[in-house]
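S.K.: If you scroll down you'll find the structure; I have some questions about it.
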Amino acid sequence: MRKKDYKGRCEKRILDKCNSLFKSYDPIQSAYANILVKNKDVAEIQCNVPLDGEACGEYMSDFVCVMANGDLMVRECVNRAHLTKPMTLKLLDSSRNYWLRHGVTDWGVVVDAAQE
């Protein structure tokens, strides 16, 4: 999740299953996009979808995917080091509740690999 008007570094590219220009703001988001493109169960990918009307402010979900069976899947990308931060937990909880209110039950978090 990130602010709607995020001004950080952005990688732009075209994805096969995405109807608009894909904008990646971190390596986790970029790597997971590659996984989604290869997944046969994913029919369409929407990136950086705004959570309109949320009390936490103007934030976006990283991925909203339409599956082959028509169901929606939502994934939020988070750096492992940020998982224990209260604000991150608040935003993730807000996203999960937002999508539950919209009938989405397949909601999850994508984190980077553990450092050894």
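Quick note: the coordinates plus some simple rules give every number you see, no bench work behind them. Values in this document were obtained by computation on a predicted structure and should not be read as measured data. Backbone-built Cβ (ideal geometry, glycine too); neighbour counts: all protein chains shown.
S.K.: Which percent of the Cα-Cα distances in the stretch 2-111 go past 17 Å? Before the final figure, lay out the partial values.
M.R.: Numbers: 3141 of 5995 pairs.
Value for the stretch 2-111 (Cα pairs over 17 Å): 52 percent.
S.K.: Could you tally up the Lys pairs in the stretch 2-111 with alpha carbons closer than 26 Å? Skip any pair fewer than 8 positions apart unless they're on separate chains.
M.R.: So the count works out to 23.
S.K.: Something else: Determine the percent antiparallel among the DSSP beta bridges restricted to the chain, to the nearest 5.
M.R.: Roughly 70 percent of the DSSP beta bridges within the chain come out antiparallel.
S.K.: For labels at VAL49 and VAL109 in the simple 7 Å Cα→Cβ model, what's the distance in nm?
M.R.: Each label point lies 7 Å from its Cα, and together they span 2.0 nm.
S.K.: How much mean residue ellipticity at 222 nm does the chain get from its helices, if each DSSP H run of length 4 or more adds -39500 (n - 2.57) and you divide by all residues, to the nearest 500 deg cm²/dmol?
M.R.: Result for the chain: -8000 deg cm²/dmol, rounded to the nearest 500.
S.K.: Give a residue-ordered list of calculated ³J(HN,Hα) values for the stretch 94-110 (Karplus: 6.51 cos²θ - 1.76 cosθ + 1.60, θ = phi - 60°; whole Hz; x for Gly, Pro).
M.R.: Those phi angles translate into 5, 5, 4, 5, 4, 6, 4, 5, 9, x, 8, 9, 8, 10, x, 10, 10 Hz.
S.K.: Can you tell me the relative contact order of the chain? Whole percent, Cα pairs under 8 Å, sequence separation 6 or more.
M.R.: So the answer I get is 23 percent.
S.K.: Let me ask something else. Given 0.36 nm per residue, what is the gain on full extension from ALA68 to VAL37 after removing their alpha carbon distance, in nm?
M.R.: Additional length available on full extension: 9.9 nm.
S.K.: Now a separate question. Expressed in nm to one decimal, what extension gain is obtained for the pair HIS102 and ILE14 from 0.36 nm per residue of sequence separation less their Cα-Cα distance?
M.R.: The HIS102-ILE14 span can extend by a further 28.9 nm.
S.K.: At 0.36 nm per residue, minus the direct Cα-Cα distance, what do TYR6 and LEU89 gain on full extension? Give it in nm, one decimal, please.
M.R.: Length gained, TYR6 through LEU89: 28.0 nm.
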